[in-house]
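Let me begin by presenting the structure, written as structure tokens, before commenting on it.
The values are calculated or read from the model by the stated rules, or taken from the named source; none is laboratory data. In this text the structure is predicted, and so the values were computed from the model without any measurement. Backbone-built Cβ (ideal geometry, glycine too); neighbour counts: all protein chains shown.
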Amino acid sequence: MLRNTIESWGTPAKLLHWIMAVLVLAQLALGWTAANWRLSPLKLELFVWHKSVGMLVLGLLLLRILWRLTNPTPAMPADAPAWERRAARVSHGLLYLLLIAMPVTGWIVNSAANIPFSIFWLIPLPAIVEPAEETADLAKWAHLVLFVALSAMLLVHMGAALRHHYVKRNDVLARMLPGGRKRA
């Protein structure tokens with residue numbers, strides 16, 4: 001199934017979801033490792049990978065938003081209470097905002113620190129702010145706060161998916177899995 005339906009996610013939506021899930025989890029670990037590594041050529045390589053994957057996540061998120069705007073969103077189970085429907089909409093909105101804010105604040109850090117950068121060593125990324133130490137420091141702090149918020153939201157997202165699957169025993173998780181089908 002290519003396009004989303006009211007019952008299930010289409011293949012592109014599933015593919016974008018799972019590729020981004022792997023990349024975002026890798027990003028959290030890679031960013032934390034790079035920030036805490038001793039100053040060395042490896043630390044610089046880790047940051048190039050972290051920044052490059054961050055820009056890739058931002059690009060994929062924009063594709064995902066475009067897909068979501070042009071496709072129906074599968075309905076929540078009929079027995080889902082109104083608060084749960086609202087919570088799902090709000091939490092997905094927050095995840096999208098955080099997934100935009102993280103690479104943008106990282107880009108601001110890089111620009112404000114006046115560090116030239118090329119995505120995967122190939123595509124030069126222009127500065128989006130003027131060099132300024134105060135701006136770099138503020139953006140670093142924001143990036144860290146967003147890291148904590150994103151980590152918390154991911155735990156909530158995964159917990160909700162597992163709750164739907166194992167406690168509520170509905171198809172919310174199954175229909176996002178590759179080959180996922182509605183539960184009988």
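Against the criterion of being out of contact with any helix residue (DSSP H, G or I) (no Cβ under 6 Å at 6 or more places or on another chain) and among the charged types (D, E, K, R), R64 does not qualify. Residues of the stretch 165-182 that are surrounded by 15 or more Cβ atoms within 10 Å (Cβ to Cβ) and without any contact (Cβ under 8 Å) to a residue 60 or more places away in the chain: H165, L173, A174. Please indicate, with yes or no, whether at least one residue in the stretch 39-55 is farther than 30 Å from V167 by Cβ and basic (K, R). Looking for residues that are farther than 30 Å from V167 by Cβ and basic (K, R), one finds at least one in the stretch 39-55, hence yes.
Out of W49, W83, W107, report the one residue that is out of contact with any Gly (no Cβ under 6 Å at 6 or more places or on another chain), aromatic (F, W, Y) and either under 30 Å from K168 (Cα atoms) or outside any helix (DSSP H, G or I) (or both). Of W49, W83, W107, the one residue that is out of contact with any Gly (no Cβ under 6 Å at 6 or more places or on another chain), aromatic (F, W, Y) and either under 30 Å from K168 (Cα atoms) or outside any helix (DSSP H, G or I) (or both) is W83. Here A160 passes the criteria (1) assigned to a helix (DSSP H, G or I); (2) out of contact with any Ser or Thr (no Cβ under 9 Å at 6 or more places or on another chain) except the one numbered (2).
Here the stretch 97-120 is the region considered, the condition is being surrounded by fewer than 15 Cβ atoms within 10 Å (Cβ to Cβ) and modelled with pLDDT of 95 or more, and the residue that is nearest to L154 (Cα to Cα) is L97. Within the span defined as the stretch 120-131, one or more residues are more than 19 Å from L60 (Cβ to Cβ) and either assigned to a helix (DSSP H, G or I) or small (G, A, S) (or both). Within the stretch 67-91, take every residue that is within 20 Å of V22 (Cα to Cα) and modelled with pLDDT of 95 or more and give me the one that is surrounded by the most Cβ atoms within 10 Å (Cβ to Cβ). Among residues in the stretch 67-91 that are within 20 Å of V22 (Cα to Cα) and modelled with pLDDT of 95 or more, the one surrounded by the most Cβ atoms within 10 Å (Cβ to Cβ) is W67.
Set side by side, the residues L30, L2 differ, and just one is in a helix (DSSP H, G or I) and either of a type in the set (A, V, I, L, M, F, W, C) or farther than 21 Å from L98 by Cβ (or both), which is L30. Each residue in the stretch 132-157 was checked for being surrounded by 13 or more Cβ atoms within 10 Å (Cβ to Cβ) and without any contact (Cβ under 8 Å) to a residue 60 or more places away in the chain, and 12 pass. Going by what's in this entry, would K14 be described as charged (D, E, K, R), in contact (Cβ under 8 Å) with a residue 40 or more places away in the chain and in a helix (DSSP H, G or I)? So K14 fits the description; yes.
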